[in-house]
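Read the structure below first, then the notes.
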Amino acid sequence: MKIAIASDHAGFRLKAALIPHLVSLGHEIADVGTDTPDKSVDYPDFAAKASREILAGRAVRAIVVCGSGVGACIAANKIPGIRAGLCHDTYSAHQGVEHDDMNVLCLGARIIGEALAFEITSAFLAAGFSGEERHRRRLDKITALEKGI
């Protein structure tokens, strides 16, 4: 699966650790920044870059890492068509995809360690949307909210 990945300076080290893990699982990675932990950057810029990779069809899903994961999640969810979830456990990561068709996983580098991040991303990427009528109905309501209906 083609995965876009991004972080701000606070999430850089966890993002850098995730990339070889994701490659080892057979995924193709598009790293859209940042490229250093040494320069402060703004998480909305990188959440948007990763999200736009999905909308452009260059990635199927994305992972965005910032200090807490909260800011990146808020920013990504401002983009119509993006369904980002902040997950610090494996259940939320797979259930978010299965029920909510989550396409962006947000992680907090100051909240979780590498081993748990590996488990969470694996659960996120292994899950598929169920397509059940009740879940499609709820997604239609989310789409209506995005359109201001």
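Total residues in the stretch 51-78 satisfying the condition of being β-branched (Val, Ile, Thr), over 17 Å from ILE19 (Cα atoms) and either modelled with pLDDT under 95 or surrounded by 18 or more Cβ atoms within 10 Å (Cβ to Cβ) (or both): the figure is 1.
Given the options GLU53, GLU28, name the one that is more than 16 Å from ALA126 (Cα to Cα) and acidic (Asp, Glu). Full working, then the answer.
Details: GLU28 fails: more than 16 Å from ALA126 (Cα to Cα).
Just a single option satisfies the conditions, and that option is GLU53.
Could you list all residues from the stretch 1-21 that are closer than 20 Å to LEU116 by Cβ and either loosely packed, with under 14 Cβ neighbours inside 10 Å or among the acidic types (Asp, Glu) (or both)? If you could, list the steps in order and put the result at the bottom.
Filtering the stretch 1-21 for residues closer than 20 Å to LEU116 by Cβ gives 3, 5-8, 10-21.
Of everything in the stretch 1-21, those that are closer than 20 Å to LEU116 by Cβ and either loosely packed, with under 14 Cβ neighbours inside 10 Å or among the acidic types (Asp, Glu) (or both) turn out to be ASP8, PRO20.
Counting the residues of the stretch 22-50 that are surrounded by fewer than 16 Cβ atoms within 10 Å (Cβ to Cβ) and assigned to a helix (DSSP H, G or I) gives 3.
For the stretch 103-110, the count of residues that are touching a helix residue (DSSP H, G or I) at 6+ places or on another chain (Cβ under 9 Å), farther than 30 Å from ARG138 by Cα and surrounded by fewer than 22 Cβ atoms within 10 Å (Cβ to Cβ) is at least one.
Can you say whether VAL64 is aliphatic (A, V, I, L, M), in contact (Cβ under 8 Å) with a residue 12 or more places away in the chain and farther than 23 Å from PHE129 by Cα, as far as the supplied structure shows? No.
The values are calculated or read from the model by the stated rules, or taken from the named source; none is laboratory data. It should be emphasised that the depicted structure is a prediction, and the values quoted were computed from it without experimental measurement. For neighbour counting, all protein chains shown are included, and Cβ atoms are generated from backbone atoms with ideal geometry for every residue, glycine included.
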